[in-house]
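Participant: Below are the structure tokens for one structure; questions will follow.
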Amino acid sequence: MIQLKKINKIYEDGFHALKDIDLTFEEGKINVLIGPSGCGKTTTMKLLNRLIDYTNGELTIDGKRISDINPIDLRRQMGYVIQSIGLFPHMTIYDNVAAVPKLLKWDKQKVNKKVDELLKMVDLDPEVYKKRYPNELSGGQQQRIGVIRALAAEPKIILMDEPFSALDPISREQLQDELVKLQEDINKTIVFVTHDMDEAIKIADQIILMRDGQVVQKGTPHQLLTSPANAFVEEFIGSDRLEQARGLPPMTAFVDEAFPYAKIDQSVEDVITLMVEHKKDQLPVVDEADKYLGIISLYRAVRATDKTVQDLLNEDIIAYRRSAEVEKFVASKDTIAPIVEADDTFIGVLDQDVLLESLHEKFDAKSGVKS
């Protein structure tokens, strides 16, 4: 756990960059710092790896004062992903990802295993990409390498400073989705700086909105969207987002537990029959223990009946916890929202008809329309 208590940062010219910051970055969560330019979000993040030192207050990691930790040792224990990616252009992808493990003197076999594992985690074939150089990859692929390089030494904490902001919109959305999905597996404490409220709503467990070196409001996306603290928060979030989200309950209110699903060991022909019988063009797929694995599409299945369900599985469609805010699905562009328990046991899917009805009722109530 990372805790900041009464943290101030005052520069030599007298500029008061941070003012009595009290914060807890939740362990195993994505904590998003957001606010207008110059609000102190990047300064706050840079305190955590001592790229900047605070003037007074107390900053602890797992109860230990950060000022008592050697800066070099501290940085080697943290992953760091930046906007400009920062890959070493003269080094192969393998050497880029392996850089910190080598500094930590891991044995070669362990390093090789970790690099292969991480590349597979972001759907980059190790045999294809390990020997390539950064300039041979697309921007999105380079940023994937930047993310897994930060994970290579198995840090508990990962700092991400506007990592996706330089990417095109499609690559950016893909990487946001991948980060959320990845976090389900790695369960790291992530501190993520952004200026994009849609991005914050989509990925955050906790949003910290800052202004003029102070924390204006902190909470879950649902809390900020439904209970903005003041006019500044409302303006920064935007009226469209507030109108879209206000009054919507969590996922649990919209679960269709009767939604059909496929088993990973079924034949593609049987899955097609199941989809036709239930008039569905997508089905969640589960393993033998009913753990959610991904989605199979009717359109892919009918063109590849000689394949297996595993071959046709789309693992990019993330699952949502029962208690997750509906806004996370609304902010995504997915057409189906599987819902799972904390251990990934499949429950059902978001019933979009019920959700739409809820939205209509909310609009009718606001506009005075009577049914």
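The values are calculated or read from the model by the stated rules, or taken from the named source; none is laboratory data. All of these numbers come straight from a predicted model, not from anything done at the bench. We place every Cβ from the backbone using ideal geometry, glycine too, and count neighbours over all the protein chains shown.
Participant: Answer yes or no as to whether Gly79 is at pLDDT below 95, within 24 Å of the chain's Cα centre (by Cα), under 22 Å from Ala204 (Cα atoms) and not in a loop (DSSP other than H, G, I, E, B).
Facilitator: yes
Participant: Ok, one more. One residue is enough: does the stretch 185-201 have a residue meeting the conditions touching a strand residue (DSSP E or B) at 6+ places or on another chain (Cβ under 6 Å), among the polar types (S, T, N, Q) and surrounded by 15 or more Cβ atoms within 10 Å (Cβ to Cβ)?
Facilitator: Within the stretch 185-201, one or more residues are touching a strand residue (DSSP E or B) at 6+ places or on another chain (Cβ under 6 Å), among the polar types (S, T, N, Q) and surrounded by 15 or more Cβ atoms within 10 Å (Cβ to Cβ).
Participant: Would you be able to say whether some residue in the stretch 43-61 is touching a residue at least 60 places away in the same chain (Cβ under 8 Å) and more than 30 Å from Ile237 (Cβ to Cβ)?
Facilitator: Checked against the condition, which is being touching a residue at least 60 places away in the same chain (Cβ under 8 Å) and more than 30 Å from Ile237 (Cβ to Cβ), the stretch 43-61 yields at least one hit.
Participant: May I ask you to list pairs of residues, at least six apart or on different chains, whose Cβ atoms are under 6 Å apart, with the first in the stretch 192-212 being assigned by TED's automatic domain parsing to the domain that holds Lys41 and free of Cβ contacts under 8 Å to residues at least 24 places away in the same chain and the second being in a strand (DSSP E or B) and surrounded by fewer than 21 Cβ atoms within 10 Å (Cβ to Cβ)?
Facilitator: none
Participant: Which one is modelled with the highest pLDDT among residues in the stretch 99-152 that are among the β-branched types (Val, Ile, Thr), over 19 Å from Asp168 (Cα atoms) and out of contact with any Lys or Arg (no Cβ under 8 Å at 6 or more places or on another chain)?
Facilitator: So the residue we want is Val128.
Participant: For the stretch 160-193, which residues satisfy the criterion of being of a type outside the set (D, E, K, R) and either at pLDDT 90 or above or more than 25 Å from Thr44 (Cα to Cα) (or both)?
Facilitator: Across the stretch 160-193, the qualifying residues are Met160, Pro169, Ile170, Ser171, Gln174, Thr189, Ile190, Val191, Phe192, Val193.
Participant: Taking the residues in the stretch 119-138 that are of a type outside the set (A, V, I, L, M, F, W, C) and loosely packed, with under 15 Cβ neighbours inside 10 Å as candidates, determine which candidate is farthest from Glu315 (Cα to Cα).
Facilitator: Only one residue tops the list, namely Asn135.
Participant: Next up: In this structure, does Ala258 turn out to be of a type in the set (A, V, I, L, M, F, W, C), modelled with pLDDT under 95 and either more than 21 Å from Ile203 (Cα to Cα) or assigned by TED's automatic domain parsing to the domain that holds Asp185 (or both)?
Facilitator: yes
Participant: So Val216 clears everything in (1) closer than 30 Å to Tyr54 by Cβ; (2) modelled with pLDDT under 90 except one condition, right? Which one?
Facilitator: It is condition (2) that Val216 fails.
Participant: Condition test on Phe25, is it surrounded by fewer than 17 Cβ atoms within 10 Å (Cβ to Cβ) and either aliphatic (A, V, I, L, M) or in the same structural domain as Gly238 (by TED's automatic domain parsing) (or both)?
Facilitator: no
Participant: Run down Gly213, Gly219 and say which single residue is in contact with a His (Cβ under 7 Å, 6 or more places away or on another chain) and on the phi > 0 side of the Ramachandran plot.
Facilitator: Answer to the check: Gly213.
Participant: Can I ask one more? Against the definition (closer than 22 Å to Val216 by Cα and modelled with pLDDT under 95), how does Glu12 come out, yes or no?
Facilitator: So Glu12 fails the test.
Participant: Looking only at the stretch 100-118, how many residues end up being in a helix (DSSP H, G or I), among the hydrophobic types (A, V, I, L, M, F, W, C) and surrounded by 16 or more Cβ atoms within 10 Å (Cβ to Cβ)?
Facilitator: Total meeting the criteria: 4.
Participant: Turning to a different aspect of this structure: Ala319: buried (at least 16 other Cβ atoms within 10 Å of the Cβ), within 20 Å of Thr252 (Cα to Cα) and among the small types (Gly, Ala, Ser), yes or no?
Facilitator: Yes: the conditions hold for Ala319.
Participant: Let me ask you something else. Could you look through the stretch 286-331, keep only residues that are of a type in the set (Asp, Glu) and within 26 Å of Leu355 (Cβ to Cβ), and pick out the one that is farthest from the chain's Cα centre (by Cα)?
Facilitator: Asp290
Participant: Go through the residues of the stretch 25-45 one by one and say whether even a single one is over 24 Å from the mean Cα position of the chain (by Cα) and within 16 Å of Leu4 (Cβ to Cβ).
Facilitator: No.
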